[in-house]
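Here the structure comes first, spelled out in structure tokens, and everything after it is commentary.
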Amino acid sequence: MASMACFVIMSKNDIPIYEAEVGSAPKREDQAYQHQFILHAALDVVQDLAWATNTMFLKSVDRFDDLVVSVYVTAGHILLILRYRPSESILVEWW
């Protein structure tokens, strides 16, 4: 199975600052914006959790099919978002 991960830096106003896809999965036209949909859908959960906990690393905040979204919230409420497959959990440990 091809591996694919997506990393996004999101401003406190939910505007993407940086976006990178890493991996060897072939791009399909129907999945061109799937990662954006998944990450924006997770933002509501992240905003609720960011104010409810004092933890900066929010592991597995959202799931979509076989993809997981983890988030690191900075003190300035900048979000570092990583979308990955659970089988690639080494990415999260490294991150």
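The values are calculated or read from the model by the stated rules, or taken from the named source; none is laboratory data. Here the structure is a predicted model, which is why all the values come from computation and not from measurement. Neighbour counts are summed over all protein chains in view; Cβ atoms, including those assigned to glycine, are modelled from backbone coordinates with ideal geometry.
A few remarks follow.
- Residue-level analysis places V46 outside the set of residues that are within 16 Å of P86 (Cα to Cα), surrounded by 14 or more Cβ atoms within 10 Å (Cβ to Cβ) and at pLDDT 80 or above.
- First in region 48-74 and without any contact (Cβ under 8 Å) to a residue 12 or more places away in the chain, second anywhere and assigned to a strand (DSSP E or B) and of a type outside the set (A, V, I, L, M), Cβ under 7 Å, 6 or more apart: S60/S70
- Residue selected from region 10-40 under the condition modelled with pLDDT of 80 or more and either touching a helix residue (DSSP H, G or I) at 6+ places or on another chain (Cβ under 7 Å) or under 15 Å from L67 (Cα atoms) (or both), by the criterion surrounded by the most Cβ atoms within 10 Å (Cβ to Cβ): E21
- For L67, the requirement of being touching a His at 6+ places or on another chain (Cβ under 9 Å), surrounded by 12 or more Cβ atoms within 10 Å (Cβ to Cβ) and not acidic (D, E) is met.
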